[in-house]
Structures are given as structure tokens and as C-alpha cells.
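The values are calculated or read from the model by the stated rules, or taken from the named source; none is laboratory data. Predicted, not measured: the structure shown is a model, and the values here were computed from it. As a convention, Cβ positions derive from the backbone with ideal geometry for all residues, glycine included, and neighbour counts pool all protein chains shown.
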Amino acid sequence: MANMKIAVASTDGVNVNQHFGRAEKFLIYEVVPASFNLVEELEVAPYSSGKEDKKHQFDQARFAGVAEKLRGCEKMFTAKIGDIPAAELRKMGVEPVVYEGLIADINL
């Protein structure tokens with residue numbers, strides 16, 4: 001496997017446990033054969049307004065601010081993500097992966 005960069009939505013640096021829209025940071029890992037190396041912690045303004053309303057409108061400007069920071073990652077692991085943000089990430093070459101669990105257990 002060639003080296004790749006992945007993004008992880010995590011509140012504690014141990015688990016993938018954050019909803020994409022509520023993430024305040026993404027951990028960026030370089031994945032090399034047999035290891036994950038944390039290379040960067042990117043702080044972002046959350047895409048979602050934080051309201052519990054699950055039917056909020058897609059906000060391109062807010063999304064763009066988060067998405068730009070993920071550029072260059074091949075995959076983004078998150079506990080949840082809406083259909084529109086997931087599709088927009090795919091358009092820019094970042095594959096969203098819905099996963100909850102230990103970062104160390106991510107299977108590429």
C-alpha cells in the first residue's frame with residue numbers, strides 16, 4: 001500500500017466518535033505500511049450550527065471552510081455525516097467513511 005493521508009473526526013484522539021458537522025477538529029494521519037502517524041491536528045469551525053434540527057439547510061460557505069482543510073486526504077472517518085456533505089467530499093476526492101471505534105482499529 002502506498003502512503004496516504006486520512007482525516008479522523010475525534011473528540012479524544014483515541015476514538016472516531018464525532019459527527020462530521022459538529023467536528024471542531026480533524027486529526028490528520030499519514031498511513032504507511034503497518035502504521036498510522038499523526039501528522040497534524042486541524043481546527044475547524046463546525047459545519048453544523050450545533051442545533052439539534054437534523055433538517056438544516058446545506059450551507060456551501062460553511063462546508064467549504066471545513067472541506068478545504070481536508071483537501072489532500074484520501075479518506076475521512078467520522079461517526080456520522082449527511083448525504084449532501086458526503087457527496088460534496090466525494091466530488092473533491094475525499095471518501096467519507098462512517099465508522100465508530102478506535103482509531104487504531106481502522107482497517108483500510
For segment 1-12, name all the residues that are more than 18 Å from K69 (Cα to Cα) and at pLDDT 95 or above. D12
Across segment 1-14, which residue is surrounded by the fewest Cβ atoms within 10 Å (Cβ to Cβ) among those that are assigned to a strand (DSSP E or B) and touching a Leu at 6+ places or on another chain (Cβ under 6 Å)? V8
